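Below: the structure, in structure tokens.
The values are calculated or read from the model by the stated rules, or taken from the named source; none is laboratory data. Only a predicted model underlies this, so the values are computations on that prediction, with no experimental measurement involved. Note that each Cβ is placed from the backbone with ideal geometry, even for glycine, and that neighbours are counted across all protein chains shown.
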Amino acid sequence: MSIQPDILRQAFPILGRQVNNQPLVYLDNAATTHKPTAVIDRLRQYYESENSNIHRAAHLLSQQATEAHEQARSSVQSFINARQQHEVIFTRGTTEALNLVAFSFCKKFVRAGDEILISAMEHHSNIVPWQIACQEHQAVLKIIPMNEKGDLQMDEYRDMLGSKTRLVSVTHVSNALGTINPVKEIIDLAHQQNVPVLIDGAQAVPHMPVDVQDLDCDFYCFSGHKMYGPMGVGILYGKEEWLAKMPPYQSGGEMIKEVSFRKTTYNELPFKFEAGTPNVADILGMEAAIRFIRELGYAPVAEHENDLLQYAIENLKKLDNVRFIGTPAKRAGVVSFIFNDIHPYDTGTILDKMGIAVRTGHHCAQPIMDFYQVPGTVRISLAVYNTRQEIDVLINALKTVREMFG
Ligand code: C6P
């Protein structure tokens, strides 16, 4: 069944509101997507009738909340086709998942002179944790270059892999360019040298199915709020063989087996990496978001979003004076551009006055802006509820922006 946005939109209450006295046109989905009623209702239901701390008490509410929490883990496991349930760790989001691996993996496996590879198109969350870890362990952070189109230079990558490489960490889809990276090839090449690979899937999971066993990635992470789920929850998938050897990231309740003032032993996976009370309600909300995506089906989602993407690019081109930032071979959900040499912030502010939400600036990817020597871009990012008509509104609004700036 193909997507029928007019019907689908009714499931998202916020899409009915006005912004600056105009119907909301929301094209900032890479920052966060809106939430369908099924997700909002799940949060309400949890707090109205299920709320309890988990893994801690003998009483019924706690038992039920614990079961629901672990059932959600199982839903995530099947969503990404992880081999084992305990390879799924709940985090606050992609950022925390990346910090967890950077801290814990590097503490165990990285020594002075070792190398970590990331790419030229990473979000700050997949740069700074590695910079800190490399500083801590006197390791070297190396950057896989990209070309003018915004595609990674795979030959260079192949040459960079070597006996000193301890880990590769790259994004599946660039949040600023939309590039879909050839992650399977990236992983295969690294594995030929016995190097593990982390994939930042924050911008992939909303748009395409992810099968971590098929990819054979060693770690994969994503956020609930970019895939129609709540904020404050995300996933780190890790192969057991790595997670079992890695030390805890944070410490406190839940991650321990036994504590005495003399010695503490740690809990088994996944709890070793889940210190403190988890965000149960939002985890259940994320499970509802997974259900929502599965019911839609990725094939119709991709078909609809690709249609919008091509339609947007085609019509932006007709405007003239649109400088596209990134023209990657394969793209998902994102178009970045500069319009008529107008500062992106000014374009974004005027669009907002017309009810259109886009993101402007560096998109937490400053090295990409440096590469293209621009202060920032206007970024439109799509979700399944967007329509061609909304793209028309955007294009007309850009014409007004052009008139205002002469
Ligand atoms: N990008 C954007 O507007 P968190 O904030 O932890 O949920 O996700 C961080 C993150 C990591 N990797 C990629 C590729 C991302 O796109 C993001 C978040 C948002 O592009 C907010 S800066």
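Numbers for the structure displayed
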{"item": "Selection status of Gly113, within 16 Å of the ligand (Cβ to nearest atom), touching a residue at least 40 places away in the same chain (Cβ under 8 Å) and touching a Lys or Arg at 6+ places or on another chain (Cβ under 7 Å)", "result": "no"}
{"item": "Long-range neighbours under 6 Å by Cβ, at least six apart or interchain, first residue in the same structural domain as Lys245 (by TED's automatic domain parsing) and closer than 13 Å to His86 by Cβ within the range 259-272, second among the aliphatic types (A, V, I, L, M) and at pLDDT 95 or above", "result": "Leu269/Leu243; Pro270/Ile89"}
{"item": "Index of the failed condition, Val197 passing every other in (1) within 10 Å of the ligand (Cβ to nearest atom); (2) more than 13 Å from the chain's Cα centre (by Cα); (3) among the hydrophobic types (A, V, I, L, M, F, W, C)", "result": "(1)"}
{"item": "Counted residues, the range 239-281 - those being of a type in the set (Asp, Glu) and in contact with a strand residue (DSSP E or B) (Cβ under 9 Å, 6 or more places away or on another chain)", "result": "3"}
{"item": "Sole residue being in a helix (DSSP H, G or I), within 16 Å of the ligand (Cβ to nearest atom) and within 26 Å of Met208 (Cα to Cα), chosen from Ile380, Ile368, Ile391", "result": "Ile368"}
{"item": "Positions within the range 308-339 being part of a helix (DSSP H, G or I) and exposed (fewer than 14 other Cβ atoms within 10 Å of the Cβ), in sequence order", "result": "Gln310, Glu314, Lys317, Lys318"}
{"item": "Of all residues making up the range 66-110, the number that are away from the ligand (no atom under 16 Å from the Cβ), in contact with a Pro (Cβ under 8 Å, 6 or more places away or on another chain) and of a type in the set (Val, Ile, Thr)", "result": "1"}
{"item": "Helices (runs of 4 or more DSSP H) fully within the range 1-89 counting 2 or more residues that are within 19 Å of His225 (Cα to Cα) and at pLDDT 95 or above", "result": "37-45, 60-80"}
{"item": "The lone exception for Ala133 - which of (1) in contact (Cβ under 8 Å) with a residue 60 or more places away in the chain; (2) touching a Lys or Arg at 6+ places or on another chain (Cβ under 9 Å); (3) part of a helix (DSSP H, G or I) it fails", "result": "(1)"}
{"item": "Subset of the range 116-136 (residues that are of a type in the set (Gly, Ala, Ser) and away from the ligand (no atom under 16 Å from the Cβ))", "result": "Ala133"}
{"item": "Tally of residues being under 15 Å from Gln389 (Cβ atoms) and under 23 Å from the mean Cα position of the chain (by Cα) across the range 8-36", "result": "6"}
